[in-house]
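Novice: Below is the structure I would like to discuss, written out as C-alpha cells.
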Amino acid sequence: FTLRRARARFPHCLGELPLLLPGADAALRPRLEGWFRAAGITPRVVAEFDDGALSKAFGRQGLGVFTGPAVLAAEIAAQYGVVCLATVDELAEEFYALSPERRITHPGVAAIRNAARHALFA
C-alpha cells in the first residue's frame, strides 16, 4: 500500500493494513470496535498495546497503522517520523482534569489548563 492508495481507500484499507490497536481496557477501544462494525470493516490487528508510546514506536518501525489524537498529529508526525493517514471525527477521546478546588489558584495548574485550552480550542 502506498500512502496515496491507503488515503483513497480509507477507511476500508484498515481491513488490509496491519493495525496496532489500543489494549482492551483503553477507553478508545470500544469506540474503535463500534466504528469498525458500523463501517463494515474487519481490521487486521497485528498487536495491541496498553502503552500508546509503544504502539507509536512500533508504527515508526513500519509495523502497522496506529491511532492518535488529531490535535497531536503534527507532534506525533515530528516525533515518530510518521504521517497522518486520516482523521475520524466520529472517534473522540475525552480528557478530564479534576481539582478539589472550585477555582484553580495554583499557577502551575492554571498554566497547564490555559495551555490545554489554547491547544485544543484555539
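The values are calculated or read from the model by the stated rules, or taken from the named source; none is laboratory data. The model shown is predicted, which means the values in this text are computed figures rather than measured ones. Every residue, glycine as well, gets a Cβ built from its backbone with ideal geometry; the counts of neighbours run over all protein chains shown. Heads up: the accessible areas ignore ligands, DNA and RNA and are worked out on the full protein's heavy atoms, side chains in. Shrake-Rupley method; radii C 1.70, N 1.55, O 1.52, S 1.80 Å.
Novice: Would you kindly find the accessible area of residue 113, with a 1.4 Å probe and non-protein molecules such as ligands, DNA and RNA excluded, rounding to the nearest 10 Å²?
Specialist: For residue 113, solvent-accessible area is about 80 Å².
Novice: On to the next question. So what is the relative contact order of the chain, in percent, for Cα pairs below 8 Å that sit 6 or more residues apart?
Specialist: Relative contact order for the chain comes out at 25 percent.
Novice: Still on this structure, I have one more. As an exercise, use a Förster radius of 41 Å and the Cβ-Cβ distance of residue 4 and residue 118 to find the FRET efficiency, rounded to the nearest 0.05.
Specialist: The computed FRET efficiency comes out at 0.75.
Novice: With an 8 Å cut-off on Cα pairs and a minimum separation of 6 or more residues, tell me the relative contact order of the stretch 1-70 in percent.
Specialist: In percent, rounded to a whole number, it is 39.
Novice: Of the accessible area of the stretch 15-122, with the probe set at 1.4 angstrom, what percent is carbon plus sulfur?
Specialist: Reported share for carbon and sulfur atoms: 57 percent.
Novice: Next up: Would you mind getting me the FRET efficiency between residue 47 and residue 27? Use the beta-carbon distance for r and R0 = 22 Å, nearest 0.05.
Specialist: 0.70
Novice: Treating only the Cβ of Lys, Arg, Asp and Glu as charged (+1, +1, -1, -1), what charge dipole size does the chain show about its Cα centre? Round to the nearest 20 debye.
Specialist: Computed charge dipole of the chain: roughly 380 debye.
Novice: Another question about this same structure. With n ≥ 4 as the cut-off for DSSP H runs, can you work out [θ] at 222 nm for the chain, using -39500 (n - 2.57) per run divided by the number of residues, rounded to the nearest 500?
Specialist: Calculated from helices alone, the mean residue ellipticity at 222 nm is -12000 deg cm²/dmol.
Novice: What is the mean projected area of the alpha carbon convex hull for the stretch 32-73, to one decimal in square nanometres?
Specialist: Averaged projected hull area, Cα only: 3.5 nm².
Novice: Here's another thing I want to ask about it. Using all alpha carbons of the chain, what is the percent of pairwise distances in each 10 Å bin, ordered from the shortest bin to the longest?
Specialist: 11, 38, 31, 14, 6, 0
Novice: Here's something else I'd like to know. Suppose we flag GluC sites (Glu not before Pro) only when DSSP calls them loop and at most 10 other Cβ atoms lie within 10 Å. Which is the longest uninterrupted stretch of the chain?
Specialist: Answer - 1-89.
Novice: Sticking with this structure for a sec: Using 7 Å Cα-to-Cβ label points, what is the residue 60/residue 106 separation (nm, one decimal)?
Specialist: For residue 60 paired with residue 106, the spin-label model returns 3.0 nm.
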